[in-house]
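**Student:** Following this message is one structure expressed as structure tokens.
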């Protein structure tokens, strides 16, 4: 399964990013093979609509699940429409969040966890 993790750095030891659309990096991980890659946020320079644009990017990358700190309403709707499962983790490293996901210990959400433009 291809999983995207929002991170504050480009390694699996990086801290989990609390925001989806404005994270610094996406870590794209294959849970079956264990391979992964770090991608600088491809939509970070956009002035608005980053949650939707990020969901579109994840769809293009054939991501099946997302692990992040929070989701706004537009991002949550876009992810749901794309069939990408969203899982919330608080703090810790990307590795710890991925391990919690694999072990089934993360909460899947079907809606927003924060209001629009949270953290701006």
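**Student:** Assuming 0.36 nm per residue, please report the length gained on full extension of the stretch residue 110 to residue 60 beyond their Cα-Cα distance. Please report the intermediate quantities before stating the final value.
**Tutor:** Numbers: separation 50, 0.36 × 50 = 18.00 nm, distance 2.06 nm.
Answer, rounded to one decimal: 15.9 nm.
**Student:** Can you list, bin by bin at 10 Å, the percent of alpha carbon pairs in the chain, starting at 0?
**Tutor:** Once binned at 10 Å, the Cα pair distances of the chain give 15, 54, 29, 2.
**Student:** Calculate how many DSSP beta bridges within the range 2-109 are antiparallel, expressed in % of all such bridges and rounded to the nearest 5.
**Tutor:** 70 percent
**Student:** Given labels modelled 7 Å from the Cα in the Cβ direction, how far is it in nm from residue 103 to residue 39?
**Tutor:** In this crude label model, residue 103 to residue 39 measures out at 2.8 nm.
**Student:** Nearest 0.05, what FRET efficiency do residue 1 and residue 46 give at R0 = 30 Å with Cβ-Cβ as r?
**Tutor:** 0.60
**Student:** With axes computed from alpha carbons, what is the tilt in degrees of helix 73-82 against the longest principal axis of the chain, rounded to the nearest 10 within 0 to 90?
**Tutor:** Once rounded, the angle reads 60 degrees.
**Student:** In addition: Just from its helices, what would the mean residue ellipticity at 222 nm be for the chain, if runs of 4 or more DSSP H residues each count -39500 (n - 2.57) and the sum is divided by every residue, rounded to the nearest 500 deg cm²/dmol?
**Tutor:** Values: 3 runs with 30 residues, N = 120.
After summing the helix terms and dividing by residue count, I get -7500 deg cm²/dmol.
**Student:** Which of the peptides 85-91, 5-11, 103-109, 15-21 is most tightly packed, and how do the rest follow, judged by the mean count of other Cβ atoms within 10 Å per residue?
**Tutor:** 15-21, 5-11, 85-91, 103-109
**Student:** Along the Cα-to-Cβ line of residue 8, 7 Å from the Cα, sits a label point; which residues in the range 80-103 have backbone N less than 13 Å from it?
**Tutor:** 90-94
**Student:** Would you mind calculating the gained length between residue 90 and residue 77 on full extension (0.36 nm times residue separation, minus the Cα-Cα distance), in nm to one decimal?
**Tutor:** 2.6 nm
Any read-out appearing in this document is the output of simple, stated calculations on the displayed coordinates, not a laboratory observation. Since the structure is predicted, the reported quantities are computational estimates derived from the model, not experimental observations. Reconstructed Cβ throughout: ideal geometry from the backbone, glycine too, with neighbour counts over all protein chains shown.
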